[in-house]
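Below is one structure, written out as structure tokens; comments come after it.
The values are calculated or read from the model by the stated rules, or taken from the named source; none is laboratory data. Fair warning: this is a prediction, and the values are worked out from it, not measured in the lab. Neighbour counts run over all protein chains shown; Cβ positions are idealised from the backbone, glycine included. These accessible areas exclude ligands, DNA and RNA; they are computed on the full protein's heavy atoms, side chains included. Shrake-Rupley method; radii C 1.70, N 1.55, O 1.52, S 1.80 Å.
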Amino acid sequence: TTYINDTIFGTVCFKPNCGNGGSTYNVVITGIDKANCPPFDETKDTVQIKVNTNFYALASNDTSICAGTGGVQLNVVSFGGTPGYHYTWGCLSPLGCGISNPYIPNPFVNPTDDCQVWVQLQDDYGCTSEIDTVSITVNEIPLVDAGPDTTICRGAWGCYLSTTILNA
């Protein structure tokens, strides 16, 4: 630190413990007149620091399931960060996603409608990863109607059935 004509020149060391998913920090430097001469002269300057991170979560690929079939198991792999990960899964659907356990790396999800599931990791130092998402499409199960029951005579040629398949 250098002092010239009541001016201080120096450096401030800023070292975050982690990137927190690419967080932005505002560092405020405040100068106060040590003599407290009227009017009280307080000045501030702010510098914005964005901490880039190489810590991210890679979740399962987008997928489709059939309604009522029990859902699908998702997985996440971490890249970067410090082992000792904590997992948080969430849902971006107002109807919910049916997440079996939002705090494990491989929960089952059983949504009743299309949804998007997100995951974020926290490492052993409390650093958070970038968020990854999985889109899940829920397909309706086909409904088959073979038509009304019918009776035919033995030896008869057969019969025509009037069938309908919905959601095919």
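Got at least one residue in the range 109-120 being in contact with a Pro (Cβ under 9 Å, 6 or more places away or on another chain) and either farther than 30 Å from Leu166 by Cα or among the basic types (Lys, Arg) (or both)?
Yes, the range 109-120 contains a residue that is in contact with a Pro (Cβ under 9 Å, 6 or more places away or on another chain) and either farther than 30 Å from Leu166 by Cα or among the basic types (Lys, Arg) (or both).
Is there any pair linking a residue in the range 59-72 that is modelled with pLDDT of 95 or more and open to solvent by 30 Å² or more (accessible area, probe 1.4 Å) to one that is outside any strand (DSSP E or B) and among the small types (Gly, Ala, Ser), with Cβ under 9 Å and at least six apart or on different chains, and which?
Val72/Ser60
Which residues, counting only those in the range 128-153, are hydroxyl-bearing (Ser, Thr, Tyr) and outside any strand (DSSP E or B)?
Restricting attention to the range 128-153, the residues satisfying the condition of being hydroxyl-bearing (Ser, Thr, Tyr) are 128-129, 133, 135, 137, 150-151.
Within the range 128-153, Ser129, Thr150, Thr151 qualify.
Could you please give the count of residues in the range 101-127 that are open to solvent by 30 Å² or more (accessible area, probe 1.4 Å) and assigned to a loop (DSSP other than H, G, I, E, B)?
Step one: of the range 101-127, the residues open to solvent by 30 Å² or more (accessible area, probe 1.4 Å) are 101-106, 108, 110, 112-114, 116, 118, 120, 122, 124-125.
When the remaining residues are screened for being assigned to a loop (DSSP other than H, G, I, E, B), the result is 101-106, 110, 112-114, 124-125.
Final tally of qualifying residues: 12.
Testing Ala156 on (1) surrounded by 13 or more Cβ atoms within 10 Å (Cβ to Cβ); (2) part of a loop (DSSP other than H, G, I, E, B); (3) small (Gly, Ala, Ser), one condition comes back false. Which one is that?
Here Ala156 meets the rest and fails (1).
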